[in-house]
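Inspection log for the structure reproduced underneath, given as structure tokens.
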């Protein structure tokens, strides 16, 4: 029964595509959360610097290191998730051999130069 084999193959393909889309959605959500974490870390660092300067001093090195470390680890997580997302997008739409990826649209012709002003009295 070749029709049933074909139907089964299509259902399996659709299932793989759905799982891939769900995984990519999870990556996008994780990326959004990592960006929010980095924003909060940057805010805390900024507030700590502001408060220390307002009080007439400098931020304590341990406080700075704690906030900077949190921000750096958040940035590393963002970079990791962006890489995973790019890889997922590449798997989703592989280009066939000999086919170029879609190019950016060609720029329109340059705008004509503004009209030259005629000399007065000419």
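Residue-wise test of (1) modelled with pLDDT under 95; (2) over 18 Å from the mean Cα position of the chain (by Cα); (3) surrounded by 10 or more Cβ atoms within 10 Å (Cβ to Cβ); (4) over 30 Å from residue 85 (Cα atoms).
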residue: 2; (1), (2), (3), (4): yes, yes, no, yes
residue: 5; (1), (2), (3), (4): yes, yes, no, yes
residue: 10; (1), (2), (3), (4): yes, yes, yes, no
residue: 15; (1), (2), (3), (4): yes, yes, yes, no
residue: 21; (1), (2), (3), (4): yes, no, yes, no
residue: 25; (1), (2), (3), (4): yes, no, yes, no
residue: 49; (1), (2), (3), (4): yes, yes, yes, yes
residue: 56; (1), (2), (3), (4): yes, yes, no, yes
residue: 61; (1), (2), (3), (4): yes, yes, no, yes
### Task
Go through region 59-74 and give me each residue that's part of a loop (DSSP other than H, G, I, E, B) and out of contact with any helix residue (DSSP H, G or I) (no Cβ under 6 Å at 6 or more places or on another chain).
60
### Message
Any residue that is assigned to a helix (DSSP H, G or I), in contact with a helix residue (DSSP H, G or I) (Cβ under 6 Å, 6 or more places away or on another chain) and in contact (Cβ under 8 Å) with a residue 40 or more places away in the chain - is there at least one of those in region 13-28?
### Response
yes
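The values are calculated or read from the model by the stated rules, or taken from the named source; none is laboratory data. This structure is a prediction, so every number in the text was calculated from the model and none was measured. Neighbour counts are summed over all protein chains in view; Cβ atoms, including those assigned to glycine, are modelled from backbone coordinates with ideal geometry.
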